[in-house]
Amino acid sequence: MRVSNVISVLESIAPLRLAAEWDNVGLLIGDVDATVRKMLLCIDLTDDVLTEARSAKAQMVMAYHPPIFKPISRLTTTAEAVVYRAARSGLAVYSMHTAFDSAVGGTNDVLAGLVGIKAARPLEPAGRGGECKVVTFVPPADLANVAEAAFVAGAGRIGNYLDCAFFTHGIGTFMGGDGSRPAIGIPGQHEVTEEVRLEMVCPAARTGQVATAIRVAHRYEQPVIDVYPLAALPEDCGMGRIGRLARPTSERALIERIKKALGAARLALASGHPAGRTMRKVTTVACCAGSCGKLFHTAIAEGATFYLTGEMHHHDALAATAAGMTVACVGHSNSERIALTHLAKRLAKAAPKLAAAVAKTDKDPFEIV
C-alpha cells in the first residue's frame, strides 16, 4: 500500500472535517507516494516509540496526539528532535486526534462501550464549525485570479486539503443602469455573456475577508457574491458520549470495571457519598476521553450522575461533586489508549495488506507510585 491509501482508510474511519478547529490532524510528516507495509499506533510519538518503529521496520506511525501542534520555527536535533528524527528517517506520521474522538466508533464510543452505555449520543454534537459556501460568478479569463484571491483570504480548505473549489460554465445576463460602468457592454443595453460559477467552502468567520478579496480581484463593478450556511454534521458525531446503562449499576461496580480496563482511577465522589459506604446506583453515565472536565456541566444537564474522563481541573471537580456527580479520572492518555486496540482491529478488516500494531512503548507519562 501507499501512504495515500492508508490515509484514505484512516479518513473513512475518522473524517478530518470532524476535528476541532484548533486541532492539527492528517498527514503531518511524510510522502503520500511512499510504500507502507507496517504501521504502529500510539498516543504520543516519543523517542521510545520512534525507536520501536525503526526496530519493527514500520514505515508509518499513527500518533493520536499531533507531534506538530503549534507552528515550528526550528527543526533540529535539539529543537523538535522527535519530529526531526521521524522526517529524517523517512517515517510517515499521521494524526487523528479530535477527528477520532468525534467519529462514530472512535475514542469516545469505545469508552461508552466500556462503561456499558446503550444508545450513546454525543455530549457536544459536531457541527460544520460555522462553515459556509461562498459562490461568485466570473468571466472565464478571470477565474484563476479570483479563485487565488479567495484562497489566500481563507476559502477552499477542506480538512488537510487546500485550494478546493468547484466551477461550472453558464450564461449570465444584465443591463447597466444610469451611472453604471459595466466591465462588459454599455449602460442601458441588455448584455449576455459567458460566466463561470465559482464555489468554495469558507469558515463563517472569514466570509468578510473572502468577499473583500473577491471584490478586489474581480473586474465587475458589482460582482455577485452569495454566502450559504452549511448544514450540521450527523448528530451521532461529536465530543463525549452520554446515555443510560442497560440496568442500574452501583458506582462501585462501574469503578471496578474502569480500573480493570484502564488501571487506577482518581475519584471525586458526589457529596454525601463517602468512599467507605456502599455506593449508590447509577442509571445515566457520561464519558469523554482526554481533558474534558468542563463538559461535566452538559453531562449534569443531560441527567448523568457519573462521569468518566481523563483529567479534570480541581475547581471543576469541586463543582461537579457539589452538584451530585461522581467523577472518575483515569489519566489523560490512559482514557484514549484503549481505543488503539479497537482501531487496529478495524484497520485489519479495512486494509488486510497493512500490518497495524499498537506500540508497546507508548505509555502515559504519569505512573502511580
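Quick notes
- For Ala351: the one exception among (1) surrounded by 17 or more Cβ atoms within 10 Å (Cβ to Cβ); (2) out of contact with any strand residue (DSSP E or B) (no Cβ under 8 Å at 6 or more places or on another chain); (3) without any contact (Cβ under 8 Å) to a residue 40 or more places away in the chain; (4) among the small types (Gly, Ala, Ser): (3)
- Taken as a whole, region 178-188 holds no residue that is out of contact with any Lys or Arg (no Cβ under 7 Å at 6 or more places or on another chain), within 28 Å of Ala126 (Cα to Cα) and either exposed (fewer than 15 other Cβ atoms within 10 Å of the Cβ) or aliphatic (A, V, I, L, M) (or both).
- Residue that is modelled with the highest pLDDT, among those in region 125-146 that are crowded, with 19+ Cβ neighbours inside 10 Å and within 20 Å of the chain's Cα centre (by Cα): Cys132
- Residues of region 74-100 satisfying the condition of being touching a Gly at 6+ places or on another chain (Cβ under 7 Å) and in a helix (DSSP H, G or I): Phe100
- Some residue of region 325-345 being of a type in the set (Lys, Arg), closer than 24 Å to Arg241 by Cβ, under 19 Å from the mean Cα position of the chain (by Cα) and buried (at least 17 other Cβ atoms within 10 Å of the Cβ): yes
- Qualifying residue in region 216-223 (condition: touching a residue at least 24 places away in the same chain (Cβ under 8 Å), within 43 Å of the chain's Cα centre (by Cα) and within 30 Å of Ala120 (Cα to Cα)): no
- Screening Phe137 on (1) outside the structural domain of Leu10 (by TED's automatic domain parsing); (2) in a helix (DSSP H, G or I) shows it passes everything except condition (2).
- Among the residues of region 85-124, those identified as more than 10 Å from Ile242 (Cα to Cα), among the charged types (D, E, K, R) and over 15 Å from the mean Cα position of the chain (by Cα) are Arg85, Arg88.
- Test for His169: is it loosely packed, with under 15 Cβ neighbours inside 10 Å, closer than 30 Å to Glu131 by Cα and not assigned by TED's automatic domain parsing to the domain that holds Glu21: yes
- One residue from His297, His315, His332 being in a loop (DSSP other than H, G, I, E, B), at negative phi and of a type outside the set (A, V, I, L, M): His332
- Qualifying residue in region 241-248 (condition: of a type in the set (Val, Ile, Thr) and at pLDDT below 95): no
Yes/no per residue for (1) modelled with pLDDT under 95; (2) part of a loop (DSSP other than H, G, I, E, B); (3) in contact with a His (Cβ under 9 Å, 6 or more places away or on another chain); (4) β-branched (Val, Ile, Thr):
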residue	(1), (2), (3), (4)
Val9	no, no, no, yes
Arg17	yes, no, no, no
Met39	no, no, no, no
Leu45	no, yes, yes, no
Asp48	no, no, no, no
Met62	no, no, no, no
Pro66	no, yes, yes, no
Ile72	yes, yes, no, yes
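- Boolean, Asp236 is within 30 Å of Ala119 (Cα to Cα) and either surrounded by fewer than 18 Cβ atoms within 10 Å (Cβ to Cβ) or within 23 Å of the chain's Cα centre (by Cα) (or both): yes
The values are calculated or read from the model by the stated rules, or taken from the named source; none is laboratory data. The structure displayed is predicted, hence computed values, not measured ones. Neighbour counts run over all protein chains shown; Cβ positions are idealised from the backbone, glycine included.
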